[in-house]
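The values are calculated or read from the model by the stated rules, or taken from the named source; none is laboratory data. Predicted, not measured: the structure shown is a model, and the values here were computed from it. So basically every Cβ, Gly included, is an ideal-geometry build from the backbone, and we count neighbours across all protein chains shown.
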Amino acid sequence: MKIICDWENCKEQGVYKAPLERDNSKRYRLLCLNHIKIFNKNWNYFENMNDQEIEYFIKSDLTWHKSTKKFGSSENFFNVLWNNALEDKLNIFKTSSFKEFKKAKMSQTDRDALQVMELNDETKWEQIHLKFKELVKKYHPDKNQGSKKYEDKLKKITLAYSQLKKTLGKK
Ligand SMILES: [Zn+2]
């Protein structure tokens, strides 16, 4: 039995997982290739949060300790995000679809995000993406004998990356 793409009026086969919630949720819907591309391009972790909430989220240590699901579950939000970014099978991180920083218009949240990622405001999208891959590989529990000691750091990096993707992604 084939699963049909969950996108409205789509009849293609649904084979790609799209998370339904921000948290470490196992809930997702299945989409076809075309629709997962659209989903990944538009999906934004920070949607419906104001700047203050986003800033709090990035800075707050408390946020990270609410998680009840085991870190490393192949279906949780962060894994979906990492896998999308690391593998980029869908080719959604093409440089051409991102703009450069306009320094005058940079928000404090963007500056914080760059700092978390050990980058400066000269950085272009391509370098942000490469740096993200580098940091995820460095701090991922799989690369540290399953140790969760870098969990908070890794989550902050992931959120910072999401923030920069939001700022630089062309609408
Ligand atoms: Zn579809």
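Please verify whether residue 81 is part of a loop (DSSP other than H, G, I, E, B) and modelled with pLDDT under 70, treating the condition exactly as stated.
Details: part of a loop (DSSP other than H, G, I, E, B): no; modelled with pLDDT under 70: yes.
Criteria not met by residue 81.
For the stretch 1-47, a tally of residues being within 15 Å of the ligand (Cβ to nearest atom) and at pLDDT 75 or above returns 29. Being surrounded by fewer than 19 Cβ atoms within 10 Å (Cβ to Cβ), at pLDDT 80 or above and assigned to a loop (DSSP other than H, G, I, E, B) holds for only one residue in 126, 75, 122, and it is 122.
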